[in-house]
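To start, the structure under review is shown below, and the notes come after it.
The values are calculated or read from the model by the stated rules, or taken from the named source; none is laboratory data. Owing to the predicted nature of the structure, the values given are computational and were not obtained by experimental measurement. Cβ placement follows ideal geometry from the backbone for every residue including glycine, while neighbour counts extend to all protein chains displayed.
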Amino acid sequence: MSEKLANPAPLGLACFALTTFLLSAINAELAQKDLIGAVVSCALVYGGVVQIMAGMWEIKAGSTFGGVAFSSYGGFWISFGLILLLEFLGIWTVSPTAIGVFLLAWTLFTFYLWVGTFSLNKALVSTFTLLLLTFALLDIGHLASISIVNVVGGYMGILCALNAWYVSAATLLSELFGREVLPLGHIKRDN
């Protein structure tokens with residue numbers, strides 16, 4: 001008898017969306033910097049550890065893409081949370097350029113995942129397009145010290161988070177109702 005595995009994608013997407021939303025609200029200057037404690041906590045636990053767990057479950061379910069994406073972005077959130085925490089504790093000071101280089105590396109990683117979404121569905125293409133644009137704007141904002149570009153990147157991140165929540169909800173609701181409730185825009189493949 002084979003074990004039926006639950007789909008971990010809605011969880012991984014929800015972890016990513018919530019953490020992205022919180023940080024993006026600060027970047028967009030819609031929330032005060034005192035929200036940073038919630039960002040760090042969420043980055044370490046929900047966006048970090050829980051998202052990595054979703055990634056490992058994706059691998060067990062046979063999804064290399066989901067495993068790589070969720071585990072990697074979980075690692076991103078833990079790393080970023082630790083950067084913020086260690087800076088708060090006065091262990092080191094992180095320059096905007098250092099953050100910019102960190103984000104640039106994640107932009108490069110996101111680029112090839114974005115290409116991979118072209119074989120999945122249009123909703124994920126949209127999520128990764130918004131994420132790629134978010135990273136690119138934050139790269140420019142940090143590396144060129146243009147604060148308004150970081151604000152625009154924050155708004156782009158909010159759109160990315162909303163899109164990721166949509167994909168999470170669409171996937172979960174389709175499974176619960178046994179039919180597509182919210183469309184994902186399936187991509188037709190030539191066989």
Subject >> Criterion (under 15 Å from the mean Cα position of the chain (by Cα), within 27 Å of Ser147 (Cα to Cα) and not charged (D, E, K, R)) met by exactly one of Leu85, Leu22, Leu89, Leu30 >> reply: Leu22
Subject >> Contacts under 6 angstrom Cβ, first residue in region 96-108 being more than 10 Å from Asp139 (Cβ to Cβ), partner part of a helix (DSSP H, G or I), 6 or more apart >> reply: Pro96/His142
Original post:
Just to be sure, is Trp114 assigned to a helix (DSSP H, G or I), aromatic (Phe, Trp, Tyr) and over 20 Å from His186 (Cα atoms)?
Top reply: no
**OP:** Could you grab me the full set of residues in region 56-72 that are of a type outside the set (S, T, N, Q) and either touching a Cys at 6+ places or on another chain (Cβ under 6 Å) or closer than 17 Å to Ala14 by Cα (or both)?
**Re:** Met56, Trp57, Glu58, Phe65, Gly66, Gly67, Val68, Ala69, Phe70
**OP:** Using the structure shown, decide if Gly185 is within 20 Å of Ser119 (Cα to Cα), small (Gly, Ala, Ser) and surrounded by fewer than 15 Cβ atoms within 10 Å (Cβ to Cβ).
**Re:** yes
Original post:
Picking from Glu87, Glu29, which residue would you name as being modelled with pLDDT under 95 and more than 18 Å from Ser168 (Cα to Cα)?
Top reply: Glu87
Subject >> Counted residues, region 36-53 - those being more than 13 Å from the chain's Cα centre (by Cα) and of a type in the set (Gly, Ala, Ser) >> reply: 3
Original post:
Does at least one position in region 123-137 carry a residue that is more than 17 Å from Ala164 (Cβ to Cβ), buried (at least 16 other Cβ atoms within 10 Å of the Cβ) and in contact (Cβ under 8 Å) with a residue 60 or more places away in the chain?
Top reply: no
